[in-house]
């Protein structure tokens, strides 16, 4: 982690990632980038569905390969790069036929290493193969939920899952949340852990840095007027005035279960994730 001299009160506790020690290239591969307009918390109708998003520094989109549909063709890692659109790093993979693709960079991988997507691949860091052929105890990331659907889980910085058993046509995988889940054995996954595990230790330090990231301020409900929020109003600092806290629209918050009782994926969950202590 990188720390700073306390030239200001906000700078005193600010931390960051030492990118110079981890990345090997500054400018991205131009053929794999494109401009895009960020949603800023709005849906297709232009209405805000996620609050406190907007502004921020303009980003260039890197086209990261989550399909991994180049089978049995070895690739060489040319560089480890920064991607502003995700918490983990990305790696530029150059395949033997000359094609270049961005892939999620696993931890411990470095330029010059070889990777391959194959059913006969060795279960080493960076390789990708069906979950059913990965030995028990191996850590994986970038997992598919259905064969051929593309990677959906285990994509953020430092995340990984552990293969703990093989049962009939499914592999039992323990996610980083503690949940144990069934994944079809024909679904693909990458071996290893996603890079940049120090991402969770970053201290933003000041409000301006949040604005650069596109995060707008959040106002407490208790600081609003009664017309604006159920928790608003009162003389001075008042308590909730009700049995349980609720959001701006009157729905319960803080520990209220929101998952649908009959969700389609319930059959694939062997044991739920552990509740965090508050």
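Points to keep in mind about this one:
- Secondary-structure-derived ellipticity at 222 nm for the chain, considering helices only, amounts to -1000 deg cm²/dmol, per-run term -39500 (n - 2.57) for DSSP H runs with n ≥ 4.
- Shape call, segment 174-278: gyration tensor on alpha carbons, a/c limit 1.5: oblate
- Here segment 113-180 and segment 64-111 have alpha carbon centers that stand 17 Å from each other.
- Computed from the alpha carbon atoms alone, the convex hull of segment 114-213 holds 121 Å³ per residue.
- With 0.36 nm allotted per residue and the present C-alpha distance subtracted, the residue 30-residue 149 stretch has 40.2 nm of extension available.
- Relative contact order, percent, segment 1-139 [alpha-carbon distance under 8 Å, six or more residues apart]: 17
- Anisotropy class of segment 8-57 from Cα gyration tensor, a/c 1.5 cut: oblate
- Alpha-carbon centroid distance for the pair segment 240-278 / segment 195-227, whole angstrom: 23
- Computed from the C-beta positions of residue 225 and residue 247 and an R0 of 25 Å, the FRET efficiency is 0.95 to the nearest 0.05.
- Overall dimensions of segment 8-91 by Cα: Rg and Dmax, Å: 17.1, 54
- Under the Debye formula (equal points on every Cα, no solvent term), log10 I(q)/I(0) of the chain at q = 0.07, 0.12, 0.15 Å⁻¹: -0.35, -0.97, -1.29
- Kirkwood Rh, angstrom, segment 219-278 [1 / mean 1/r, Cα pairs]: 14.2
- As a length-normalised measure over Cα pairs under 8 Å and 6 or more apart, the relative contact order of segment 219-278 settles at 21 percent.
- Length-normalised contact order of segment 21-82 in % [C-alpha pairs under 8 Å, at least 6 apart]: 50
- The chain: antiparallel DSSP beta bridges as a percent of all, rounded to 5: 95
Every number here is computed from the coordinates shown, using simple stated rules; none is lab data. Not measured: the values here are computed from a predicted model. All Cβ positions, even for glycine, are placed from backbone atoms using ideal geometry, and neighbour counts span all protein chains on display.
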